[in-house]
């Protein structure tokens, strides 16, 4: 992945998250309220994260336990299937966190050793913040539900968060065109 794309894509995602919050769309608020326990979000996000992770396991090199990749693949696939059955609460939140962890690798890889481009740090910073939040929320997924309840309790909070996300997304999109 190029550094241009690795900076532009997070910017676009932040803009897509920020615009509905900034404009105060009722549908966006309802969607955010229902997200933590949403069954469709669970299937899409956790299923996508499990598929991506299993793809990574299947393509392990010999130095990374590649000799045992079939056993690892079967074990992790079983864990993913059993997660749908045994721990369905907040599985969509955990899937989102897993996707953030998986997405971080190509984004940070694109910025690796690019010391002559200090503007890359705008993208790298937001990725590290997202990683930190993903680890924390993945371990305690009800925190996202509590945060969304707090955020949507007053329209001003959601608009402020939307303005911040949109502004930072625009900044990342602009930075992407400086490489």
Check the stretch 88-105 and report whether any residue there is in a helix (DSSP H, G or I), more than 30 Å from residue 149 (Cα to Cα) and within 20 Å of the chain's Cα centre (by Cα).
yes
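This table checks each residue for (1) in contact (Cβ under 8 Å) with a residue 40 or more places away in the chain; (2) surrounded by 15 or more Cβ atoms within 10 Å (Cβ to Cβ); (3) at positive phi.
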site: 24; (1), (2), (3): yes, no, yes
site: 37; (1), (2), (3): yes, yes, no
site: 46; (1), (2), (3): yes, yes, no
site: 70; (1), (2), (3): no, no, no
site: 82; (1), (2), (3): no, no, no
Mind checking which residues of the stretch 137-179 are under 17 Å from the mean Cα position of the chain (by Cα) and assigned to a loop (DSSP other than H, G, I, E, B)?
140, 141
Out of 6, 80, which single residue is closer than 30 Å to residue 159 by Cα and within 19 Å of the chain's Cα centre (by Cα)?
6
Quick check on residue 89: is it exposed (fewer than 15 other Cβ atoms within 10 Å of the Cβ), farther than 30 Å from residue 169 by Cα and touching a helix residue (DSSP H, G or I) at 6+ places or on another chain (Cβ under 8 Å)?
yes
Quick check, is residue 50 more than 30 Å from residue 125 (Cβ to Cβ), modelled with pLDDT of 95 or more and touching a helix residue (DSSP H, G or I) at 6+ places or on another chain (Cβ under 9 Å)?
no
Quick check on this structure: which one of 65, 4 is in contact with a helix residue (DSSP H, G or I) (Cβ under 6 Å, 6 or more places away or on another chain) and over 19 Å from residue 141 (Cβ atoms)?
4
The number of residues in the stretch 109-125 that are in contact with a helix residue (DSSP H, G or I) (Cβ under 6 Å, 6 or more places away or on another chain) and either assigned to a helix (DSSP H, G or I) or within 23 Å of residue 46 (Cβ to Cβ) (or both) is 6
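Per-residue answers, yes or no, for (1) closer than 15 Å to residue 25 by Cα; (2) touching a helix residue (DSSP H, G or I) at 6+ places or on another chain (Cβ under 6 Å); (3) surrounded by 17 or more Cβ atoms within 10 Å (Cβ to Cβ):
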{"position": "144", "(1), (2), (3)": "no, yes, yes"}
{"position": "150", "(1), (2), (3)": "no, no, no"}
{"position": "156", "(1), (2), (3)": "yes, no, no"}
{"position": "159", "(1), (2), (3)": "yes, yes, no"}
{"position": "166", "(1), (2), (3)": "yes, yes, yes"}
{"position": "169", "(1), (2), (3)": "no, yes, yes"}
Residue 14 being surrounded by 17 or more Cβ atoms within 10 Å (Cβ to Cβ), touching a helix residue (DSSP H, G or I) at 6+ places or on another chain (Cβ under 7 Å), modelled with pLDDT of 95 or more and not in a loop (DSSP other than H, G, I, E, B)
yes
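The values are calculated or read from the model by the stated rules, or taken from the named source; none is laboratory data. Keep in mind that this is a model prediction, so the values were computed, not measured. Note: ideal-geometry Cβ built from the backbone for every residue, glycine included; neighbour counts use all protein chains shown.
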